[in-house]
Amino acid sequence: MVKITIYVLGFALSLIELVLSFFHKSLCDAYSCKLVASYVKYGESVIIFIGVVVFFVLIILELSKHNLKEYIIDTILISAFATEGLLLSFQIFSLKVICYFCFSIFLIFLILVVLRLLQKHYSMLFAIGAFISVFFMSFLIMPNLSPLKSGYDLFYSKTCPHCEKTVVFLEKMHISINKYSAQNYRNFLNNIGINEIPVLFVNLPNEKKFVIGQENIEKYFGSRPQNNSYNFQNNNYNILNNSQTCIIGDNCTK
């Protein structure tokens, strides 16, 4: 009963995410999820659909009395867990972000593998071995596709007056940031639907978001109290107005 419940949970999460993807929405609205989705060759809907099919097949097999059902389930879980090793390593080593939806699916497969191992399905050792092998082999060969670091990353241009004002503001606030030329990372930004600067990526342990525009970045940090702690806001400041951003690559004179 526990296993079928977990299968249904995985199926439900995948199906909801698949439906939302057709409306350009997601259970995960963090920029990390958008970034990961942008690198799926035929679109995120394809890989989510595969997940829906996998969990549906697992549900059918669990309910069936087929003689080979246990062997087939073990084979599916070994393949799925090896695939999770590839997906997780790509996020960690290449993009340096974690897609929370993807990680939740990984946890579901991890629980299933452990449960079957406890039930003396020792073939699950192959699943764990495949995951570890793929994960660490990917560490050796995966290219670094993301410039993002821990803390605050600002993409700007010297031809953008709003960017220069933002840099001055952050320096006055004594906020440590990593600065990047937006033109050099244009493809990276376009992959997650960003074509305006300045844009600040917030990559903190408990917060993952991006803030676009001079005014929005200033609002995000707010005022600095006398106790030297920042008044961070939880509001979504990505609502733009034409007076606070420049298009990447344009000579902005606003």
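Read-outs throughout are calculated quantities, based only on the coordinates presented, and are distinct from any laboratory measurement. Note that this is a predicted model, so its numbers are computed, not measured. All Cβ positions, even for glycine, are placed from backbone atoms using ideal geometry, and neighbour counts span all protein chains on display.
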message: Connecting C-alpha atoms closer than 10 Å in a GNM of the chain, tell me which of Tyr220, Tyr42, Tyr180 has the biggest fluctuation.
response: Tyr42
field: 3J(HN,Hα) from dihedral phi, the stretch 22-36, Karplus parametrisation 6.51/-1.76/1.60, rounded to Hz, x for glycine, proline
entry: 6, 9, 6, 10, 7, 5, 10, 9, 6, 4, 4, 5, 5, 5, 4
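At 0.692 mPa s and 37 °C, plugging the Kirkwood radius over alpha-carbon pairs of the chain into Stokes-Einstein gives what diffusion coefficient in µm²/s?
Numbers: Rh = 20.5 Å.
Value of D from the Cα-based Kirkwood radius: 160 µm²/s.
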query: Who wins for biggest fluctuation among Ile78, Ile197, Ile141 in a Gaussian network model of the chain, springs between alpha carbons below 10 Å?
result: Ile141
field: Loop chymotrypsin sites (Phe, Trp or Tyr not before Pro), the stretch 102-178 (other Cβ atoms within 10 Å of the site Cβ: 11 or fewer; DSSP)
entry: Tyr122
message: Show me, for the stretch 12-20, the HN-Hα J-couplings you get by feeding each phi into the Karplus relation (A = 6.51, B = -1.76, C = 1.60, θ = phi - 60°), rounded to Hz, glycine and proline as x.
response: 5, 4, 5, 5, 4, 5, 5, 4, 4
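At a threshold of 8 angstrom on Cα-Cα distance, excluding pairs fewer than six apart, so keeping six or more, what relative contact order does the chain reach in percent? Don't jump to the answer; show the numbers that get you there.
Values: 338 pairs, mean separation 42.8, N = 254.
Relative CO of the chain lands at 17 percent.
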- line: In whole angstrom, the spacing between the Cα centers of the stretch 36-92 and the stretch 153-201 equals 38
query: If you rank Leu140, Leu154 by fewest surrounding Cβ atoms within 10 Å, what's the result?
result: Leu140, Leu154
- prompt: Counting other C-beta atoms within 10 Å, which of Arg186, Arg116 has the fewest, and how do the rest follow?
  reply: Arg186, Arg116
- prompt: For Glu215, Glu171, what's the fewest-to-most ordering of other Cβ within 10 Å of each Cβ?
  reply: Glu171, Glu215
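To check you understand DSSP bridge types, tell me what percent of the beta bridges within the chain (both residues inside) are antiparallel, rounded to 5. Walk me through the intermediate numbers first.
Numbers: 13 of 17 bridges.
Restricted to the chain, the bridges split so that about 75 percent are antiparallel.
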Low-density loop positions, trypsin sites (Lys or Arg not before Pro), the stretch 1-75 - DSSP coil, at most 14 other Cβ in 10 Å: Lys25, Lys41, Lys65
message: So for the stretch 51-191, considering every pair of alpha-carbon atoms, how many percent are separated by more than 20 Å?
response: 61
- request: For the chain, set up a Gaussian network in which alpha carbons nearer than 10 Å are linked by springs, and say which option among Asn203, Asn195, Asn67 fluctuates the most.
  value: Asn67
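As an exercise, identify the chymotrypsin sites (Phe, Trp or Tyr not before Pro) in the stretch 1-38 lying in DSSP coil whose Cβ has no more than 13 other Cβ atoms within 10 Å. Show your work: numbers first, answer last.
Details: sites: Tyr7, Phe11, Phe22, Phe23, Tyr31; in loops: Phe22, Phe23.
Here the sparse-neighbourhood loop sites are Phe22, Phe23.
Quick one: net charge around Ile73, please, counting Lys, Arg +1 and Asp, Glu -1 for every other residue with C-beta under 10 Å from its C-beta. Please report the intermediate quantities before stating the final value.
Details: positive: Lys3, Lys69, Arg116; negative: Glu62, Glu70, Asp74.
The answer is 0.
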